[in-house]
Amino acid sequence: GKEAPAEGEMGHWMAERKVPPFYQIFEQAVELGDAKIWACSMAMDVMGIKREDLIDGIEIGGAGTYLDYSADADITLSF
């Protein structure tokens, strides 16, 4: 049930096009070890989201943490 509030309308569009939901894509990326997924601590505070609301494998950090980590990354994706 954690994925429904997080996906909103985008989740509906993905389902219509038979794209797996975000949480499945995230879980697969973490399992493969090919990705590190970050949740924005400030956005979590604003939206009242707690660590226990997130799926396993999600890191939490602010913009500075993300920028520092991603500075040397080959590929980054944010939304």
- Task: Would you mind putting 55-61, 22-28 in packing order, based on average other-beta-carbon counts within 10 Å, highest first?
- Result: 22-28, 55-61
- Item | trypsin sites (Lys or Arg not before Pro), loop per DSSP, at most 10 other Cβ atoms within 10 Å - longest free stretch of the chain | 19-49
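A short reminder: the numbers here are calculations on the coordinates, not readings from a lab. Note that the coordinates shown come from a computational prediction; the quantities given were computed from them, not determined experimentally. So basically every Cβ, Gly included, is an ideal-geometry build from the backbone, and we count neighbours across all protein chains shown.
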